[in-house]
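Worksheet for the structure shown next.
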């Protein structure tokens, strides 16, 4: 393969520009968070914060009840993701591996559920939760967040399960495993990347949600997205504090990404070799 | 995360349209050997197994989604303002809310805007996402890692934080974008108010949505590409096909299911995008950037005419279903082939 | 005092014991509180929602201490709410089985909530909580259909908050007496290189309403038995042109209100000549930038002539008890406490707001904002006191988004007014 110098150069050049395009907002958020006020509102932007300060972070963390919000957010998000994985794996297995009457209908339901516009249904969800006397609690949030991510999880896992060679499972059955044992020992380990990637998606969705928690939990059980949006109102044009808050809000997602992405990619390479 | 399509969406052309794994036996029935030893009782149980497996998901969907949806439809036939909500009274209005919307120019403008907005964004996302994905495939190892990191960071940024950051980037006075455009010689952009006009507000919203969505398409496409044997490209090159021919007559047909299902998800995500549109400029100026979900929220929750809001949301769902019907047909057809 | 209070609780308890439907919880509570032992309030929490900027720290501390001393074991939980999106929050909260017990409601929004039935009728206890002394003009918004649904809490009118250092540097020694003087002063300040001689964001509709009242018109007019938008008038055109002129004396955004960004934060930077604001905003600016401490001055927005200052919009807040409150007796006593000369006076003194009765105005002496604001309020008005008005204020408010920003960005007043009036009419008729 011979390529001209230009032919070798331009993809890298474009990649460099794209890298800046994708990273810059993240970079700008982080650096603004560390900049002293005067640097933030200087007419010439300060691109590298030499005089870093953590005072914006102090302000963000010292907002009333910050750690309770962190705890609530983590509880709700992780709960929703785990529950959805559990329910979705079972359903996805049935859809991918078994033929039964009503299967098509179920697939259709999952597809429609995937489209549910939750933001515009907040008032009906609110009235249901209110009438069950479950306002200001974490459980309804967890359940509804689970519902938001479950269709996508089923959809995706089903593809992963279908890709696991059936023979592997069958040979386990021949060896005397029950169907459940065969699933646990053969299919589940191969699903790891799928579980990772759907968890990642679920985590982001639940972590981000705010129209619902805004209306359901006015007194307690509030989560970080509320804090972030209210923070901005409270602090007006205090961009340093707002960006510090945004950075803190983004941090757990990045951590989850880094932890899960590696496994997901590892699984991917294995798949690539096979294909 | 990039792996999710490798099973269903990528397959060599000779496999036909049938679903999923390459090693699936013909007919898809469980092999006889596994069953013969079972008694009638376990056979009944195993007939029930699929239903038991989907039961929890079905129950959850019925309670957590079906119930609110029905409630939403019920509300849409009511006059439900602050008074009725606080008093817990029910006041039916028949098709009143629907009639008001279907005869209002504002509703149709918003619908038109919403559809156009969705199509434009999805087209942008799919095209640039595909290009970035192909670029990833072409890049050397190091640059690929670098670009992947950039993509993952943009992807990981939660929407709520992302909108805050974009507001800051495009801030009238101290925003770095205005400064940069000014420095480029476009001096009228110093102090430019991006959120003052319909077009410029949409430009920022679109840029943000595209920025957030490209990574999903690009990384998945790259993952899909790595599962395709290099021989296929080799063969195409031997036949003298250029880059565009290789893409349009070899890659695209192979990846058609991938593009279909990704486009499906993107259409849903963009059409439903609420946080991005609402948090950036609350549908302003003058409601000119309201998309259907934002319109439903403003009329329903904002103006406290919850019945009206519910009617708009039901109409929103119907419009989305109509947009998706083509895709539904394809998917259901694939299910038939199983 | 104490004995009287306890007696009052007894009466209230009997009343609620009869009125409460179901709620065995409720009955046993009131049964106990009539015997008023110290332990009776154990575990009770009175939930009070106040709006951002309403409760100064000293007042909050003192009234909490006083309340919890009066009712040993009971807790006073004050939650500060943001104005942004408050109507949606209030409406849903009022529909719940355990709403907050006491809520602060803006005076322009009170008739709306009174009409929803979410507020408790206080007519029978009005005298007990001090209602006979309330200034009738300030009590207007709390009365709906002849019944008292809230207690008038405090009032304020916007005045010009200015940076003395910048004004002195421009050679100005006395505050302007007429609008012409104001503009010539602002010209001088501008000439000295101050970019924001006057900071007036495009969507401060309370400020605009003052100009409109001064021009002799209202936001709506009565048309038979219904109300319609009234912005397509020569008066509104002249008010908005004054507004536009003033907005031009600074870099304030044309499509944002005074809270995004908080104008007090902008003023705190020290390079803003003046803004139209309230006492707590000036105080906030000083907290943010203590160097401003002795530099902040106030004057009422001048009239066309020196004869009198311009009319202003009198904003204010009422305190109401929710219909669904589970602690109506405690709520009522909290109200009584807040309305008492002691705490109403302290609020006026510390917050610089106009109290609900003239006899307490002396608390404002020494508070420059309060003095100026109270004087200006004498020449004030408010939005129409009709329930439907509440819908007009819902986001996006047509007065700001369609009319004010429209004109500021170059539309003709009449064209923008037609759009805004159409939306106002729609909202007024939907109620």
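Brief remarks on what is shown
- When only alpha carbons of segment A:89-174 are considered, Rg and Dmax amount to 17.2, 53 Å.
- Nearest-ten-degree value, helix C:328-339 long axis tilted from longest Cα axis of chain C: 40
- Using alpha-carbon coordinates, inclination of helix C:57-70 to the longest axis of chain C, degrees: 10
- Likely footprinting exposure, B:290, A:119, C:68, fewest C-beta neighbours within 10 Å first: C:68, A:119, B:290
- Ratio of Rg to Rh for segment C:96-215: 1.17 [Cα atoms; Kirkwood radius as inverse mean 1/r over pairs].
- Overall form of segment C:276-413 per C-alpha gyration tensor (a/c, 1.5; a/b vs b/c): oblate
- Rg then Dmax, both in Å and based on the Cα atoms of segment A:174-227: 19.0, 57.
- For segment B:94-140, the fraction of alpha-carbon pairs lying more than 12 Å apart is 71 percent, rounded to a whole number.
- Relative contact order (%) - criterion: Cα under 8 Å, at least six apart; region: chain C: 24
- Taking segment A:164-241 and dividing mean pair separation by its residue count, relative contact order in percent (alpha carbons under 8 Å, at least six apart): 18
- Inter-chain Cβ neighbour count for B:282-289, averaged per residue, equals 5 (cutoff 10 Å, partner chain atoms only).
- With contributions of -39500 (n - 2.57) from each DSSP H run of at least four residues, the per-residue ellipticity at 222 nm computed over the protein assembly as shown stands at -18500 deg cm²/dmol.
- Volume per residue for chain C equals 136 cubic angstrom (convex hull of Cα atoms).
- Calculated on the alpha-carbon coordinates, the convex hull of the protein assembly as shown measures out at 191 cubic angstrom per residue.
- Against the main long axis of the alpha-carbon atoms of chain A, helix A:103-114 sits at an angle near 0°.
- For segment A:1-53, the square roots of the Cα gyration tensor eigenvalues, ordered a ≥ b ≥ c, give a/c of at least 1.5 with a/b greater than b/c, which places it in the prolate category.
- Two numbers describe the Cα atoms of segment B:135-257: Rg and Dmax, which are 19.7, 57 Å.
- Taking the convex hull of Cα positions in segment C:180-306, its mean projected area over all directions (nm²): 9.0
- Three semi-axes describe the equivalent ellipsoid of chain A; taken as square roots of 5 times the Cα gyration tensor eigenvalues and ordered largest first, they are 39, 30, 16 Å.
- Of B:65, A:157, the sequence from fewest to most neighbouring Cβ atoms within 10 angstrom is B:65, A:157.
- A P(r) calculated from all alpha carbon pairs of segment C:264-310, with 10 Å bins opening at zero, reads 27, 46, 21, 7 percent.
- Segment C:308-367: Rg to Rh, with Rh as the Kirkwood radius over Cα pairs: 1.08
- Three-way shape call for segment A:150-244 based on the alpha-carbon gyration tensor, with the a/c threshold at 1.5: prolate
- Diffusion coefficient (Stokes-Einstein, Kirkwood radius over C-alpha pairs, 4 °C, 1.567 mPa s) for segment B:201-338: 72 µm²/s, rounded to a whole number.
- Chain B, relative contact order [Cα under 8 Å, separation at least 6], %: 31
- With all pairs of separate Cα atoms included, segment B:82-337 yields a Kirkwood hydrodynamic radius of 21.1 Å.
- Residue exposure sequence - A:190, B:221 - by fewest surrounding Cβ within 10 Å: A:190, B:221
Throughout, read-outs are computed from the coordinates displayed, never taken from laboratory work. Keep in mind that what you see is a predicted model, and the values were worked out from it rather than measured. Quick reminder, even Gly has a Cβ in these numbers, built from the backbone with ideal geometry, and neighbours come from all protein chains shown.
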